[in-house]
Amino acid sequence: MARKAPVGDPADDPRAAHEPATWAAGVPGVAHALAQSWAQMGARRSLTTLRLLNQADGFDCPGCAWPDPDPGHRAHAEFCENGAKAVAEEATLRRVTPEFFAEHSLTDLAGRSGYWLGQQGRLVEPMLRRPGSDHYEPVGWDEAFDLVAAELTALDSPDEAVFYTSGRTSNEAAFLYQLFVRAYGTNNLPDCSNMCHESSGSALTETIGIGKGSVTLEDLENADLVLVVGQNPGTNHPRMLTSLEKVKRRGGSVVAVNPLPEASLMRFRNPQKPSGIVGAGTALADQFLRIRVNGDLALFQALSRRLLDAEDAAPGTVLDHDFLAAHTTGFAAFAAHLRALDEADVAASTGLAAAEIDELAARVLAAEKIIVCWAMGLTQHANAVATIREVVNFLLLRGNIGRPGAGVCPVRGHSNVQGDRTMGIWEKMPDAFLDRLGAEFGFAPPRHHGYDVVDAIRAMRDGRARVFVGLGGNFVSATPDSAVTEAAIRSCRLTVQISTKLNRSHAVTGAAALILPTLGRTERDVQAAGPQVVTVEDSMGSVHASRGTLPPAGPRLRSEASIIAGLAAATLSRRGQATAGHPDVDWAGLSGDYRRIRAHIANVVPGFDDYERKIAEPGGFLLPHPPRDAREFRTPSGRAVLTVNELTVLRVPPGHLLLQTVRSHDQYNTTIYGRDDRYRGIRNARRVVLVNPEDLASRGLADGAQVDLVSIWSDGVERRAPGFRVVAYPTAPGCAAAYFPETNVLVPLDSTAERSNTPTSKSLVVRLEPRGEP
Ligand SMILES: Nc1nc2c(c(=O)[nH]1)N[C@H]1C(S)=C(S)[C@@H](COP(=O)(O)OP(=O)(O)OC[C@H]3O[C@@H](n4cnc5c(=O)[nH]c(N)nc54)[C@H](O)[C@@H]3O)O[C@H]1N2
Ligand SMILES: Nc1nc2c(c(=O)[nH]1)N[C@H]1C(S)=C(S)[C@@H](COP(=O)(O)OP(=O)(O)OC[C@H]3O[C@@H](n4cnc5c(=O)[nH]c(N)nc54)[C@H](O)[C@@H]3O)O[C@H]1N2
Ligand SMILES: [Mo]
């Protein structure tokens, strides 16, 4: 069913320009950042706040998970345009008050766009929607906790509740949350990672024995060759461009593999350097492979095949035989499989000319140290896990894992998404972790696996889950199959959102709904024991402290840790201490002094011994990573595993395109900062679909035509996103791109990646249905 277009939003500008920009960052970037933060925060607050961003004595940027340089090497302004926007979004002076909720019914809010909702400001009062009511009303904290406790304890089984986490939650809050959820009795801990880097974690754990990247910032900057595959760092990890620039300055090279010629990789000006601002900029990518969507598995097989051929031609000169013999298993089967690789399949899958792959293979042969970076362009496909295993195969052949300047670099999204996992936010935590957790707190954590995001939606849809709690995030908008998900959420008895900002998940709710407003990363967090610091882990496994500095947005806000402690104490005491195996936890004591939470973490999570002292060091500490530190692979065989992966060419029916759903430059996931996508040259429009001019011509469609996007899938259901404007764009032929969350209505719930169960939001089969003038 088509949804009506949201109201209260400026209409898309039909004359919007769409010349892709040829360079990224530089003066316009910084100017944009300051304009956005001034509008939200005012000038003085902007300058003092941004000065503390990513400094050793300040707070961690709530934007992306890109690591900070060592304290001695940080720029005075170690932030980017989009980091500044993320801070402005949180540090805004606008407030969503009880009067606002008296004025706007839930029905009204559900008709608003995500952009409008976010623009209303910070949530400052706990609010309750009672069953049958169309309005939120103020509620006291204790009453809110009791209400949740009553619903949770009334369920037939703890597995009827779902506890979601987004990736901004601190280590301390995440640890407390999973402790509460497991003490309550379930492993239903889905998180945004299920939709994000789950495929990376799955492929890396299987092949190298740990689900995290194996490089540090120093490695990256010292690589000879960096492949940036399925990632748009200029928008989503802008400070990564500074590192890529360093690679180039040292004589290394950068290759971009992407269906879209992303401006940041084609040309870059560093805003943190005067030369960057006035200079002509650096062409970051030495080679750009405009790959067909989903062609990466074939590309890496073709590259590895070329390495095998080169080895045959000059035995002993190409492969790292010592490494393969000492540290890996599976080479023979892998090599035999690749010898049968069909170049016609490679061409069909990648859309690339053999000469382009030859050129890249020559670069690979010339490089001593290689790093492959990737993000959502690899992880959100049916064969995502196999594709990433193929990346690992490629790197293992020349021993490019576990030595300086080489390795795997999955670039994470949310600023603490990696840390949340380390703290136990996962529906499938291994037994070793549960053993230690149980021993530390004297209880028996549940062992059967819980629901991930997709399974949680299915459970709510089918009436097997009736209470939903969201620690941050915007579950309703971020997840696939919007119509199905919204109905699933609406069928719950109670939904609870612990949030900083208003979003669609506050408008589309269960029969009863709670909004529990919380402090953000930028704010001072004072508890019983005094001012608190929290800790976070970046994309490269480095853990450091973050200290909020702004006064809280309102006097009634509570920290995430204190809200979780309140929920836990109310729920577990109601169920009674008599329950067998009930842990004895001093919830108020822990949330009153985060050092006490860290002391437990140190006992439970490997690598966190001496936690308090290590985070007192400027810059924090690096977590152990056996492959990186010692070429130790903790797989069942004790070796890194070369795998055999079938290449299946993703063919689409005639007249259809492969649609990938991406972020614009003016959004943070479901948070829409503005309506431009500057580097792609899109102004004041979000309902646009980027299509290759040849594909438009063959369909008789003009640039600017109005179409519906209709996705098809094996369940036979036609899913429709109405009213998109076609933009002729140099994406790979046969492919298209449009923004999420507007396109999530097109993603079938059951279309997920093998093994990781991640929605396939980067490879949807769609057709463009022309519509009359609107
Ligand atoms: N400003 C800002 N920063 C963010 C975010 C944000 O929304 N805004 N989100 C954060 C989060 S949670 C995450 S996970 C990251 C996301 O960071 P990215 O993964 O960079 O984000 P996407 O916009 O999904 O971009 C995917 C990229 O992969 C390309 N791509 C799509 N399909 C394929 C394919 O089949 N093969 C190849 N080779 N490329 C493909 C797309 O063209 C695009 O360049 O960013 C984080 N940082
Ligand atoms: N089609 C499609 N769908 C996708 C993707 C895609 O590429 N295509 N990407 C997927 C990916 S990679 C991800 S990570 C998910 C993102 O899914 P989520 O993490 O669920 O979504 P966000 O939009 O990041 O959540 C934003 C909300 O988080 C809350 N928030 C912000 N900061 C804080 C804080 O400090 N504490 C608390 N408690 N709340 C806070 C605010 O209320 C804000 O509105 O979306 C996924 N969905
Ligand atoms: Mo993400």
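The values are calculated or read from the model by the stated rules, or taken from the named source; none is laboratory data. A quick note: this is a predicted structure, and the numbers were derived from the prediction, not measured. Methodologically, a virtual Cβ is constructed for each residue, glycine included, from the backbone with ideal geometry; neighbour enumeration extends over all protein chains shown. All accessible areas refer to the heavy atoms of the entire protein, side chains included, with ligands and DNA or RNA removed. Shrake-Rupley method; radii C 1.70, N 1.55, O 1.52, S 1.80 Å.
Which value, in debye to the nearest 20, gives the size of the charge dipole of the stretch 657-770 about its Cα centre, when Lys and Arg are +1 and Asp and Glu are -1 at the Cβ?
For the stretch 657-770, the charge dipole is close to 320 debye.
Let's test the formula: R0 of 25 Å, r as the Cβ-Cβ distance of residue 526 and residue 102. What FRET efficiency results, to the nearest 0.05?
Rounded to the nearest 0.05, the efficiency is 0.25.
Residues of the chain: accessible area per residue at 1.4 Å, in Å²?
About 34 Å² of surface per residue is accessible.
For the stretch 629-676 and the stretch 299-328, what is the centre-to-centre distance using only Cα atoms, to the nearest Å?
About 25 Å separates the Cα centre of the stretch 629-676 from the one of the stretch 299-328.
For a quick protection proxy, order the peptides 497-507, 314-324 by their average other-Cβ count within 10 Å, most packed first.
Sorting 497-507, 314-324 by mean packing, highest first, produces 497-507, 314-324.
So how strong a dipole does the chain carry about its Cα centre when Lys and Arg Cβ are +1 and Asp and Glu Cβ are -1, to the nearest 20 debye?
Taking the Cα centre of the chain as origin, the dipole is about 1220 debye.
Out of the DSSP beta bridges found with both residues in the stretch 657-770, what percent are antiparallel (nearest 5)?
70 percent
When a/c is below 1.5 the answer is rounded, else prolate if a/b is larger than b/c, else oblate, so apply that to the chain with a ≥ b ≥ c taken from the square roots of the Cα gyration tensor eigenvalues.
It comes out rounded by the Cα gyration axes.
Out of 193, 179, 133, whose Cα points farthest toward the positive end of the dipole of the stretch 58-212 (charges: +1 Lys, Arg; -1 Asp, Glu; placed on Cβ)?
Sorting the options by dipole projection puts first 193.
Residue farthest toward the positive end of the dipole of the chain, with Cβ of Lys/Arg at +1 and Asp/Glu at -1: which of 588, 381, 623?
Value computed over the given set: 588.
Let me spell out the model: positive unit charges on the Cβ of Lys and Arg, negative unit charges on the Cβ of Asp and Glu, origin at the Cα centre of the stretch 355-440. What dipole size does that give, in debye rounded to 20?
Result for the stretch 355-440 is approximately 180 debye, rounded to the nearest 20.
Give me the percent of the accessible area of the chain that comes from carbon and sulfur atoms, probe 1.4 Å, all protein chains in place.
For the chain, the apolar C and S fraction of the accessible surface comes to 54 percent.
Counting helices only, and only those DSSP H runs with n ≥ 4, report the 222 nm mean residue ellipticity of the chain as the sum of -39,500 (n - 2.57) divided by its residues, in deg cm²/dmol to the nearest 500.
Result for the chain: -10500 deg cm²/dmol, rounded to the nearest 500.
Per 0.36 nm of contour for each residue apart, how much would the distance between residue 549 and residue 435 grow if the chain were fully extended, relative to their Cα-Cα spacing?
Computed gain between residue 549 and residue 435 is 37.3 nm.
Just to confirm my numbers, what's the Cα centroid distance between the stretch 87-105 and the stretch 154-204 in Å?
28 Å
State the cysteines of the chain left without a partner when partners are defined as other cysteines whose beta carbon lies under 4.7 Å away.
61, 64, 80, 192, 196, 492, 735
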